[in-house]
Amino acid sequence: MLNVSQLTNLRLAKLQTAVTDWEQMTGKLRALATGGGGGVVGEGISAADLKARAEAADWRGDNATVTKSFVTKTASEFNDVVTEAQSVHSVLRDALAALKRHQEDLRTTIDRWEKKNVYINEQGTATSAIPSGAAAGNAKIAAPTQEDVDRAAAEVAKILEAADDTDQVAARALRKLAQNKYDFGKTSYQGLDDAGRKQAIEDADLAVKLASKGAELTDAELKRFNEIVKLQSDNPVFAERFATKMGPEGTLQFWRGLADPGHGDTPTGDRAKILATVQDNLGLTLATASRLDTPAMQDWKDGVIAAGDDRIKHPGIMSAPYGYQVMSSLMTKGTWDKAFLNSYGTSLIDFERDNSRLGADWLWDNPGHPAQLNYPPGSTKPDNDPVAGFLEALGHNPEASLEFFNDSNGRSSDDHEILSNWDYLVDKDNKDGREWPVDEDGKTTGYTNLGHALESATLGYAYDDKNPGIPPTDTEAQKTARDERTDLMERVVDHYKTTDTIDKQDGIRDSLANMAAGHIDSLNYSTANWGGSGELSGRDDRFGADRNRLHDFGSTEGENFLKALASDEGSYETVSTAQQIYGSSVMTAQGDDVADAKRVGLHGIKMHGLLDEARFESIGKEFAEVKEDRNRELEKQGAWRDFAAGAVIGGAAGVGAAVVIPTGAAAAIAVPLAFETVGGAAETQFATQTMDWLKDREFDNTDEAIEGIGKARQTGENNAMTPLLNYAQAHGMSPDDVWDLSQEAESQYRTGGGRTDTDNTRGW
């Protein structure tokens with residue numbers, strides 16, 4: 001693949017010369033072929049003239065068969081050479097234009113990010129590049145955020161990928177045109193796009209041919225198949241041709257036979273590793289195909305759904321998984337079409353409910369119909385539960401996921417009553433709710449996939465998006481979608497309000513923490529309503545409720561939800577980090593109104609107190625009988641929130657801004673700010689330091705345990721106070737004012753802690 005240095009230093013002068021030469025050559029060859037004077041046979045004489053004269057001549061003897069045929073065939077070759085020359089010129093012309101565009105895009109992008117102190121190296125990696133103090137002089141240098149660095153790298157990678165695609169398509173087209181040594185072929189290209197389309201068709205046909213061998217594919221052939229599919233997985237032309245030529249039943253049968261050929265010879269070792277990549281790339285290809293709105297693809301999608309309740313058999317083997325199971329195993333990667341996902345999901349759940357007497361465990365993991373459909377075996381991919389695989393697909397399509405959780409399944413005409421998808425999948429205590437399959441350890445791995453689907457539905461971006469951003473609210477449709485996401489989030493907050501509820505769905509906690517971080521603005525707004533005072537206290541204006549479209553989840557509900565989350569190490573880290581960022585932004589949003597900044601800042605202090613006390617409480621309970629582990633966790637508690645740089649956020653008022661933070665529990669979360677950035681004016685400096693404290697130390701008495709929790713509490717208090725002290729310093733508050741502020745802050749911190757405190761030293 002091209003790197004930054006290769007593309008920026010690419011000299012296109014020779015390619016420009018080649019384009020000009022081939023344009024001239026094409027003109028000369030066309031004259032020789034069709035007329036206009038080629039200067040070889042004679043003025044006005046062309047291959048077309050020779051062919052016409054040869055066909056009109058009165059040939060006799062051998063000349064009538066041999067010579068005439070030779071002359072006419074040779075004359076026809078001139079048409080082929082013109083076609084080939086024109087193809088070469090068209091490919092070179094389009095490649096030149098595309099490479100010029102990619103080169104300019106790259107240079108512009110690098111220059112733009114350098115002005116923001118983000119440096120791009122030769123390999124396309126982005127790093128922060130703040131000038132030294134001497135170099136900067138008196139200038140105030142803004143440090144780029146991690147979001148800036150990630151976005152810069154993503155932009156550069158996209159440009160390099162496009163340039164590499166241009167290079168690959170052009171090179172392959174030229175090789176194809178030059179492959180015949182002794183004559184001119186019939187291949188022709190109108191340009192680079194036409195070449196890419198024909199290459200996609202050629203690759204799809206080859207992939208289908210290989211797939212027809214099914215389980216008989218050798219490892220070498222399987223690798224070749226994988227190379228083709230990986231290269232073309234995001235190409236709509238390839239994806240549609242492959243899917244439609246395979247057909248819905250053929251697609252299901254191919255993967256079923258390849259993944260689990262039966263007879264006790266389930267693939268292992270190197271073949272299992274190859275199959276893992278085939279599964280991903282095949283899924284990505286079919287996801288691309290699903291987004292195409294053509295009659296052929298609609299037939300394919302309808303066929304896949306119709307085959308869901310069929311047993312996908314393999315020759316000579318009685319056992320066979322359902323079509324739903326095979327299809328869902330291919331849906332864990334890529335962005336699938338929204339309409340298809342909802343139609344598929346409704347059909348799947350209706351089928352499961354129709355067979356509810358069997359139970360989901362028996363239905364999907366019937367020992368009489370075993371199947372290995374996910375690779376590598378024992379990976380994080382869902383097992384044979386097709387609902388889990390389907391939910392993973394929803395986790396990559398926010399619009400589909402939101403629509404699905406707001407929809408229902410069932411038929412009111414019989415005992416299969418209409419039930420909301422939320423009630424069926426989420427509410428485990430609902431008498432009509434789903435009984436989730438468990439693994440051999442008694443755990444339900446599918447709850448992780450449920451969490452991913454809820455994340456995308458409530459946040460508006462794929463759960464594993466490496467560079468997420470909060471969806472805009474510029475249009476009425478976007479505002480409606482935002483309101484629907486927060487409405488769903490209210491249901492999440494209300495349902496998952498105890499640790500017991502969360503723990504019953506093992507694997508969902510990390511997703512709930514990410515959702516809390518993404519809706520930390522509404523959670524702050526909700527809890528700023530003690531005794532119902534929010535409407536009269538100016539809460540709406542201070543939090544920008546209207547412009548930020550905040551939602552009141554209920555003060556008690558919000559606090560209980562946060563308490564349940566903060567009891568866990570990973571989710572505590574995620575939510576408290578988001579709280580510090582958001583709390584700083586709310587203060588900044590008040591502008592120079594020190595009184596209002598103080599008010600919202602003190603509310604942030606209370607939120608930190610609530611979160612910290614919930615974590616202390618959990619540690620006290622969890623490690624009451626295990627002193628070494630308990631004290632080590634208490635010391636780590638202090639390290640989790642060692643935010644040495646604090647949070648410094650500045651910008652203009654408005655709506656829609658977000659910062660992306662890395663945390664221990666998730667790769668990236670878009671945390672909303674209380675104002676809108678103008679031209680990237682918001683500057684966020686945020687550092688977290690997670691350390692493994694006291695790994696080799698031992699604690700064996702209560703005094704040291706109490707000292708441990710004291711250190712953790714002090715760290716929490718210091719970090720909670722950081723935004724207020726930053727603000728006080730920036731606005732030149734007097735020592736007396738800072739004294740009064742700290743006294744009020746302490747009171748608010750303890751008030752917040754009181755919301756979650758029972759006895760954090762239980763067991764000592």
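The values are calculated or read from the model by the stated rules, or taken from the named source; none is laboratory data. Predicted model only: the values in this text are computed from it and were never measured. Reconstructed Cβ throughout: ideal geometry from the backbone, glycine too, with neighbour counts over all protein chains shown. With ligands, DNA and RNA removed, areas are computed over all heavy atoms of the protein, side chains included. Shrake-Rupley method; radii C 1.70, N 1.55, O 1.52, S 1.80 Å.
List of remarks:
- Taking the stretch 510-562 as the range and being under 26 Å from P468 (Cα atoms) and of a type in the set (K, R) as the test, the residues that pass are R547, R549.
- Residues of the stretch 102-111 that are under 25 Å from the mean Cα position of the chain (by Cα) and open to solvent by 20 Å² or more (accessible area, probe 1.4 Å): D105, I110.
- The helices (runs of 4 or more DSSP H) found wholly in the stretch 327-419 and carrying at least 3 residues that are without any contact (Cβ under 8 Å) to a residue 60 or more places away in the chain occupy 338-354.
- From the options D302, D270, residue that is of a type in the set (D, E) and over 27 Å from the mean Cα position of the chain (by Cα): D270
- Boolean, W422 is of a type in the set (F, W, Y), open to solvent by less than 30 Å² (accessible area, probe 1.4 Å) and farther than 25 Å from S522 by Cα: no
- Residue match in the stretch 464-474 (condition: more than 20 Å from the chain's Cα centre (by Cα), of a type in the set (S, T, N, Q) and open to solvent by less than 60 Å² (accessible area, probe 1.4 Å)): yes
- Within the option set P236, P261, P248, P321, being touching a residue at least 24 places away in the same chain (Cβ under 8 Å), in contact with a Gly (Cβ under 9 Å, 6 or more places away or on another chain) and under 24 Å from L341 (Cα atoms) holds for one residue only, P248.
- Unique residue being buried (at least 19 other Cβ atoms within 10 Å of the Cβ), modelled with pLDDT of 95 or more, hydrophobic (A, V, I, L, M, F, W, C) and over 22 Å from A462 (Cβ atoms) when the list is V387, V326: V326
- Single match in A195, A220 (criterion: more than 20 Å from L330 (Cα to Cα) and surrounded by 21 or more Cβ atoms within 10 Å (Cβ to Cβ)): A195
- Among the residues of the stretch 334-370, those identified as over 21 Å from the mean Cα position of the chain (by Cα), open to solvent by 20 Å² or more (accessible area, probe 1.4 Å) and among the small types (G, A, S) are S343, S347, S356, G359, G368.
- Subset of the stretch 532-569 [part of a helix (DSSP H, G or I), more than 18 Å from A589 (Cβ to Cβ), modelled with pLDDT under 90 and open to solvent by less than 30 Å² (accessible area, probe 1.4 Å)]: S555, E559, A566
- At least 3 residues being at pLDDT 85 or above is the threshold, and among the helices (runs of 4 or more DSSP H) wholly inside the stretch 1-109 those reaching it are 4-8, 13-34.
- Against the list (1) crowded, with 18+ Cβ neighbours inside 10 Å; (2) over 17 Å from L348 (Cβ atoms); (3) at pLDDT 95 or above, the condition D483 fails is (1).
- When A272 is tested against (1) at pLDDT below 95; (2) touching a helix residue (DSSP H, G or I) at 6+ places or on another chain (Cβ under 9 Å), exactly one condition is not met: (2).
- For the stretch 374-383, a residue qualifies if it is surrounded by fewer than 24 Cβ atoms within 10 Å (Cβ to Cβ) and under 13 Å from Y324 (Cβ atoms), but none of them does.
- Considering residues of the stretch 503-531 that are in a helix (DSSP H, G or I), modelled with pLDDT under 90 and surrounded by fewer than 24 Cβ atoms within 10 Å (Cβ to Cβ) only, the residue nearest to the chain's Cα centre (by Cα): W530
- Screening T266 against (1) modelled with pLDDT under 95; (2) open to solvent by less than 10 Å² (accessible area, probe 1.4 Å); (3) among the hydroxyl-bearing types (S, T, Y) leaves a single unmet condition, (2).
- From the list D500, D441, the lone residue that is more than 26 Å from the chain's Cα centre (by Cα), part of a helix (DSSP H, G or I) and surrounded by fewer than 19 Cβ atoms within 10 Å (Cβ to Cβ) is D500.
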